[in-house]
1. What is the chain's relative contact order, in percent, from Cα pairs under 8 angstrom and six or more apart in sequence?
2. Return the distance in nm (one decimal) between the two label points of a simple spin-label model at V71 and I10, each offset 7 Å from Cα along Cα→Cβ.
3. Select from V312, V221, V149 the residue whose mean-square fluctuation is largest in a Gaussian network model of the chain (Cα-Cα springs shorter than 10 Å).
4. Please tell me the relative contact order of the range 41-196 in percent, rounded to the nearest whole number, where contacts are Cα pairs under 8 Å and at least six residues apart.
5. Residue separation times 0.36 nm, minus the C-alpha to C-alpha distance between A165 and R390: what's the value?
6. Kindly state, to the nearest 0.05, the FRET efficiency for Y210 paired with A357, given R0 = 41 Å and r defined as their beta-carbon distance.
7. Assuming 0.36 nm per residue, please report the length gained on full extension of the stretch E188 to A24 beyond their Cα-Cα distance.
8. Just to confirm a number: summing +1 for Lys and Arg and -1 for Asp and Glu over residues other than E188 whose beta-carbon lies under 9 angstrom from that of E188, what do you get?
Amino acid sequence: MLTVKSARNIIFEHCSRITPESLACATVLIQEAFQRVLAEEVRVDRDYPPFARSMRDGYALLARDVQQVPVDLTCIGEIRAGDDSELELHAKEAVQIMTGATVPRTADTVVMVESTERISQDTVRILKAPSPGDNVARKGSERIAGEPVLSPFSVIGPFAMAVLASVGKSRVRVVRKPTIGILSTGDELVEIQVIPGPGKIRNSNSSSLYAQVLRGGGIPVLLRTARDEVSDLKEQIRKGLETDVLLVNGGVSVGKYDLVEPVFAELGIEIHFESVAMRPGQPSVFATRGAKWVFGLPGNPVSTFVAFELFVRPVLRALQGLKYDSLPLVPAVLETEIVEKSGRTAFLPAMLSRSQAGFVVKPVQWKGAADIFSATEANSLIIVPLEATRVFPGELVEVLAFEECDSQSEGVF
C-alpha cells in the first residue's frame, strides 16, 4: 500500500506536465478578477506617483527656511487633492496642502498640520523643524513607467485589485477556473430536501465537496447521484468526463456494490493508485483519461474531506498555474495524548488555537470517519506519522489547518 507521500508524488508527477502554455485563459472585467489567477504581466502605465505628492495634511515649504523654530511664514494659498496648481514658493513662504495634493515644484518638504499654528489668514507658525523631503512622495519614487508590478500566476488579492485599477486595467487576463464534476454514488443516498426512508441518508458529501472546490478556485458541477448499477454509473461518469476533473464519491472500496473501479476500466480510465496507507481515507483512487483527471473518493464524509485536501487540491492549484507540491503545515504543541495503532498515517480532526508561547492543538472527540457532527468542532487535522503509535502531551506535531494561519511552514508531505 502506498504511503501518503508516495501517492502525492504520483499526482505531482502528473501535475508537472502542465505547462503555462497549456493553461486556458480568459479576459474578464476587473470586478470579476478578485481571487483569480493572473495570466499576464502587468506594468505601470506612468510614473507613480505621477507627481510629487503630499503624504500629509499640512504646509508645503522650503526646509531651509525653518531650521530654527518657531518661525512664521507667509501662507500664499491652498492646494487640495486634484488641484492643478501653478503656485511657486519663494523664501519664507508656505502653502497649505492636503493629503494627496501636488507639492509645488519649488517646495521640498511638508510639515504636518499638527506641528503648526495658524496665526492669521496670511501667516502660519512652524513649531517643529523638518528635514528636506519629509512627507513628500517624489514623482516616480514608487514605480517608474513601464516597470512590472504584478507577475503572472499570482492570485489577485485586494492590493492587486488596487494596482490593476491604478494602472488602468479595466479588463485583465486570468487563468480559466477548472471545472470539477461532483458525482456521488450509492442506492442509500437521497437528495437534501427528501425525508429519508428506512436505510436511506441524505447526500451530504456533494455539499462539502462543492465548498472545497469553491475554496480551491474551481467551478463545481453537480451531477445526478448514480445508483449502484453499472449502466447508470457509467452514464454519469461519461457526463462527468466533460469536466476538467471528475470526483466520484463512494463505491471505491471492496464491497459487492463498489463498482467504480470496474467502470473506470470499461471506460478506459487508467488507475494510478487505489489505496493509500492513511486514516481516514484509505480507499482513495487517482486516475486519468487523456487530459482528464479522475478521483475516486471514499464515501465517509471525513474521509472524503481529507482525501480531497491531500490529493485533489494540488491538481486544482496546478490547473491554475499555482504552486502545488507542498502543504501549509502549522507546528503546534499537543495538549492531550494520542494513541494510534492503525499502522497508517492518521489525520485526526482537532482544534488549533494560539497560546502565548505559540500554537497548541488537541484532537476533538469523534466517532470515526462518518461523524460529521464532531468534525464541525474541528478547525484542523493533526498528522500522526504511520510509524507513531503514541504521541504525548507537550510534543510538537504537524497540523494541517482548514483556514490560513499566520505561522505556517511549508511541508512536503
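1. Details: 937 pairs, mean separation 63.3, N = 413.
Averaging sequence separation for qualifying contacts and normalising by length gives 15 percent for the chain.
2. Taking the simple label geometry, V71 and I10 are separated by 7.7 nm.
3. Evaluated over the chain, the most mobile residue of the options is V149.
4. Numbers: 298 pairs, mean separation 50.0, N = 156.
Dividing the mean separation by the residue count of the range 41-196 yields 32 percent.
5. Details: separation 225, 0.36 × 225 = 81.00 nm, distance 5.42 nm.
Fully extending the segment from A165 to R390 adds 75.6 nm.
6. Working: r = 38 Å, r/R0 = 0.93.
Here the calculated transfer efficiency is 0.60.
7. On the way: separation 164, 0.36 × 164 = 59.04 nm, distance 3.82 nm.
Gain on extension, E188 to A24, equals 55.2 nm.
8. -1
The numbers here are math on the coordinates, done by the rules we state, and not lab data. Computed from a predicted model, the values in this text were never measured in an experiment. As a convention, Cβ positions derive from the backbone with ideal geometry for all residues, glycine included, and neighbour counts pool all protein chains shown.
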